[in-house]
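Shown next, in structure tokens, is the structure this report addresses.
The values are calculated or read from the model by the stated rules, or taken from the named source; none is laboratory data. Only a predicted model underlies this, so the values are computations on that prediction, with no experimental measurement involved. Heads up, the Cβs are rebuilt from the backbone with ideal geometry, glycines too, and the neighbour counts pull from every protein chain shown. We work out accessible area using only protein heavy atoms, side chains counted, and drop any ligands, DNA or RNA first. Shrake-Rupley method; radii C 1.70, N 1.55, O 1.52, S 1.80 Å.
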There are 2 protein chains.
Amino acid sequence: MTREAASRDASGARLSSRRAMRERRGAGSGIKQLPWATVIRNPFPPMQPLSADQVEAIHEASLDLLERIGIEAMGDRALDLYAQAGADVDRASGLVKMDRALVMDLVGKAPSEFTLTPRNADRSILVGGNSLNFGLVSGPPNVHDAINGRRAGNYADYEKLVKFAQFFNVIRFLGNQAVAPTDLPANSRHMDTTRANVVFTDKAFNHQVIGAGRAKDSCEIVARACGMTLEEMADRPACIGNINVNSPRKLDEHMATGAIQMAELGQATIVTPFTLMGAMTPVTLAAGLVQQNAEALFGICLTQIVRPGAPVVYGGFTSNVDMKSGAPAFGTPENAKANLAGGQLARFYNLPYRTSGCNASNAVDAQATYETMMSLFSAIMGYGNFIYHAAGWLEGGLVASFEKVMLDVEVLQHLVGFLTPIATTPEEIGLDAIAEVSPGGHFFGIGHTMERYETAFYPPILSDWTNSENWRLAGAKDATQRATDLWQRVLEEYEQPALDPTRLEAIDAFIAKRKEDIGTGEP
Amino acid sequence: MTREAASRDASGARLSSRRAMRERRGAGSGIKQLPWATVIRNPFPPMQPLSADQVEAIHEASLDLLERIGIEAMGDRALDLYAQAGADVDRASGLVKMDRALVMDLVGKAPSEFTLTPRNADRSILVGGNSLNFGLVSGPPNVHDAINGRRAGNYADYEKLVKFAQFFNVIRFLGNQAVAPTDLPANSRHMDTTRANVVFTDKAFNHQVIGAGRAKDSCEIVARACGMTLEEMADRPACIGNINVNSPRKLDEHMATGAIQMAELGQATIVTPFTLMGAMTPVTLAAGLVQQNAEALFGICLTQIVRPGAPVVYGGFTSNVDMKSGAPAFGTPENAKANLAGGQLARFYNLPYRTSGCNASNAVDAQATYETMMSLFSAIMGYGNFIYHAAGWLEGGLVASFEKVMLDVEVLQHLVGFLTPIATTPEEIGLDAIAEVSPGGHFFGIGHTMERYETAFYPPILSDWTNSENWRLAGAKDATQRATDLWQRVLEEYEQPALDPTRLEAIDAFIAKRKEDIGTGEP
């Protein structure tokens, strides 16, 4: 990040917005989208593929696993903590065994819900209960759009992706590194992406928490963006980081120290075992869920040993692999059922739940769409409080796609509309309006229609309902091609959220100092 | 239908199948698909957007509509029947008003479920409760595939479409005229399509029931295909026809006489008001549902006046129009909620439920897919016992698409897999298998995997999970392009189901006689 770029970023927010200018020029009303919601709730009961007995069976098998088989934790720090808490720790192998009572005691200390408060408190999100939060894709090494093709992740594209997430209200948090900026040094790029997150968005986001150093850096930047100290922020979590268990049964050292650091700072952690059935777990869904459950509880316990009551989320990422090739698959029936069952398990422990909207398609096509909808629908009906990868994920997570972000936003808005309750007041029932129109007539011009027609139906941002002839005359663009048009318009209409320049100066000073300290070493 | 064609059809079924020949040649194992299921049930509770009070409010408003506002029925036959039953009939306007008690009395006579038994009793389908049946697209005037483009409906393509429906087990019934064969005379083509249905498939199908003549012709053909008389078939319904109410509040004469004929023959009817909100109903969902409900009950009552206990299905087809253009929209949030609420209303009256999987896209693209999944998912979670248009519908019903049939079959198979319960036996939980693999290892080679890997996961027919490089090397085909390959393979692998040649002769004799009788007149 150059000094010039920093100065430009800061002044950008102070300038009149481009949209305001365009509106003064009368250049149109911009992209219509759903407003930001304080909270999005799922009014339906959750879908529950497991009976209470089946939940109990998976729970018991998971506790057996933790008690008798054990999970390997790497690094002295984690092993010390598990041992202090009363676990049976084998220093030679790193194998940790925890008895049932200890696990349940620790898990019981975690809160059932919490609020993440980013630098703009109006963008706070509730994580727990029947609240739903959709996140931008997290982690791909590559990026794709139809104009520029598939390319390695880079910082310029990173900025565009976070601008998309800022623009669309239905995206409620950002993933960790929507794309990896592989053109920046690996040991400090977490600060560049965190800076971009707090400069170009005012929403909550997933932090890069591989190792205590990265976790702390990221929290330091957010604290400055919030105008708070780390101590002040500990009472009002602003940061959240995802810890993957290296399935089967292994918690890597950097993951463990990242989780420990987040808990120490009172910030939130998600513990997500990487349980692809057939590869990292047995092929059966029951075994995948048992392993997911044991591994998630193992990591959750660590956060509660560090800081009882630290906000923590039960993460599920159970899908299957293609048994012919070993390639991961997403949006499969098994993945969708796991998304629902994972929610049942999280609720069994009274914990918030993280799940995902994923697909394994190579193109932004019908497969990408049906797989995404399988996973998203089950994520929603499983009460995914934190729904990862809900916009932009492609190729099983190897690519962040601009077009897919647009299509996913359309799908998410459809689903939010679907969750909106039906009003049945006498005015909505409108028997007089029905009586007003003769048999075989139409309702276009009547008062009841005129009063409501502009807001009666969800207005899509991508769907095209023109007839075939007009569609052809307009270029016969399919939805993915229209998505290419849309993301370009979004970048034009995007407005940078204001950030106090003194806070940005503090952030940049922190980053400059840390980059000097780290040099080419490990953060 | 020429005599030569008839002879070819008949002999086709007696020949050894092409698949059998291919298998003897060792040419591969063919397309893997889900097996035919005796019944597909939704194990989840239905999703219910309306509270019990809201259902009651819609019910009461509908009965108000029927009692005070009335619905127009056209034709003396229907008016006579309503009058005989005790309705208040205005002969001048055709307006029929029915009091609450009369409506509820008649609706109460209809069965809550029934079985449709086509010529192959093994293909019987249960209609009611939590059973789900998916149907081939019904009624488009045009047809499209990526090789031959968009063209007017014709008989040759009609045959291909019904072969697709026969081939895929997840398609459990055929729509009425998967495409209109506009190259055949309008007054007799219902017999050509019915003949094709009983020759090229052995599944249940929707009949063309616009007018008593067409309804009867169709039943006569099916009776011969079953080797039964119409009287014998009356105790074991084989036929089902869909009656649309011409919303708002109008039951056309041909629709009424078709429904009357089906009921007289003891065959099943579906009554589906054509309630596009904003055009044929007020813009509010509550009003759309009230009108749908009143109009559906009105037609259902007619069938019960004719024959108490006649099988009849509550049909819902409430979606919205684009208020800018008046174009119909499908798979919208409003459509999806209506699909769920319609199920609640059908269950309130203890009736089977028909709903649809629709979209309004011009291309077999992401929009076609997300709209279809919105409508299909809600159709399933609303307990749609008879789910129309579940495979092949495009352009808001103006086109039957070959590629869309393939993609929809893939989606339907995904959803059926999703509805399959999770097994949690000790073997499935497989704690020993989990213990067998070291932390950080993999499960590919272990016994637990080897015993199950071939059947553990749903095997897709279209999804491509290869990595980007291999996908590109293989031609970078998206899912729609792969669907083009698939439907060609289906036509190669399709096997004609055996039909007793004497029955086919009887059918052809009936059709020849009826075509002579009708000439160019009304059937």
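A few comments on the model shown:
- Distances between copies of A:LYS32, taken at a point 7 Å out from Cα along the Cα→Cβ vector and listed shortest first: 4.6 nm.
- By the Kirkwood approach, averaging reciprocal distances over each pair of separate Cα atoms, chain B gets a hydrodynamic radius of 24.0 Å.
- If only the Cβ of Lys and Arg carry +1 and only the Cβ of Asp and Glu carry -1, the dipole of the stretch A:375-523 around its Cα centre is close to 340 debye.
- Each 20 Å bin from zero holds the following percent of Cα-Cα pairs in the protein assembly as shown: 13, 41, 33, 12, 1.
- The stretch B:283-350, relative contact order in percent, only Cα pairs under 8 angstrom and at least six apart counted: 30
- Each stretch of four or more DSSP H residues adds -39500 (n - 2.57); spread over every residue of chain B, this sum gives -13500 deg cm²/dmol at 222 nm.
- Close amide H contacts of A:VAL209 (hydrogens built in the peptide plane, cut-off under 5 Å, sequence separation of 5 or more or a different chain): A:ASN242.
- Ordering A:118-128, A:242-252, B:101-111, B:364-374 by mean Cβ neighbour count within 10 Å, with the highest value first, yields B:364-374, A:242-252, A:118-128, B:101-111.
- The Kirkwood radius of the stretch B:218-292, taken over pairs of alpha-carbon atoms, gives through the Stokes-Einstein law at 20 °C and 1.002 mPa s a diffusion coefficient of 156 µm² s⁻¹.
- Cα centre as origin, Lys/Arg/Asp/Glu Cβ charges: chain B dipole, Debye: 900
- Annotation for A:ILE518, label-to-label distances across the other copies: 7.7 nm (shortest first, one decimal, point 7 Å from Cα along Cα→Cβ).
- Nearby lysines by direct alpha-carbon distance to A:LYS324 (threshold 22 angstrom, same-chain neighbours under 8 apart not counted): A:LYS337, B:LYS32, B:LYS477
- Taking 7 Å steps out from each Cα toward its Cβ at B:GLU492 and A:THR520 produces label points 5.7 nm apart.
- This model, with +1 at the C-beta of Lys and Arg and -1 at the C-beta of Asp and Glu, gives the stretch A:328-458 a dipole about its Cα centre of some 640 debye.
- For the peptide B:328-337, the mean number of other protein chain Cβ atoms found within 10 angstrom of a residue's Cβ is 5.
- Heavy-atom surface of the protein assembly as shown, accessible at 1.4 Å and reported per residue (Å²): 33
- Summing Lys and Arg as +1 and Asp and Glu as -1 over all other residues whose Cβ lies under 14 Å from the Cβ of A:PHE274 gives a net charge of +1.
- Calculated FRET efficiency for the pair B:GLU232/B:GLU427, C-beta based, R₀ 41 Å, to 0.05: 0.25
- Residue-averaged beta-carbon neighbours from other chains (10 angstrom radius) around A:358-364: 6
- Using a cutoff of 8 angstrom between alpha carbon atoms and counting only pairs six or more residues apart, the relative contact order for the stretch A:392-499 works out to 34 percent.
- Computed with a 1.4 Å probe on the full set of protein chains, the accessible area for B:PHE457 sits at about 20 Å².
- B:LEU491 accessible area, 1.4 Å probe, all protein chains in place, Å² to nearest 10: 30
- Positive-end residue of B:LEU491, B:GLY258, B:HIS207, charge dipole of chain B with Cβ unit charges: B:LEU491
- Antiparallel %, DSSP beta bridges [both residues in chain A], to 5: 35
- Here A:GLY129 yields copy-to-copy label distances, from shortest upward, of 3.8 nm, the label point defined as 7 Å from Cα along Cα to C-beta.
- Coarse-grained scattering of the stretch B:266-324 at q = 0.16 Å⁻¹, given as base-10 log I(q)/I(0) from a Debye sum over alpha-carbon atoms: -0.51
- Normalised by the number of residues in chain A, the mean separation of alpha-carbon contacts (under 8 Å, six or more apart) gives a relative contact order of 19 percent.
- Based on Cα atoms of the stretch A:151-278, Rg over Rh with Rh as the Kirkwood radius reads 0.97.
- For the stretch B:409-485, the C-alpha radius of gyration divided by 2.2 N^0.38 Å, with N the number of residues, is 1.48.
- Placed amide H near A:VAL312: partners under 5 Å, 5+ positions off or other chain: A:THR269
- Beta bridges by DSSP in the protein assembly as shown, antiparallel share as percent, to the nearest 5: 35
- Partners of B:LYS216 within straight-line reach, counting lysines whose Cα lies under 24 Å from its Cα and excluding those fewer than 8 residues away in the same chain: B:LYS109, B:LYS203, B:LYS250, B:LYS513, B:LYS515.
- Amide N proximity, the stretch A:421-450 versus B:GLU56 label position 7 Å along Cα-to-Cβ, cut-off under 19 Å: A:422-430
- Area buried, chain A against chain B - accessible surface, total, 1.4 angstrom probe, square angstrom: 9000
- Formal net charge of residues neighbouring A:GLY258 (Cβ-Cβ distance under 12 Å; K, R +1; D, E -1): -1
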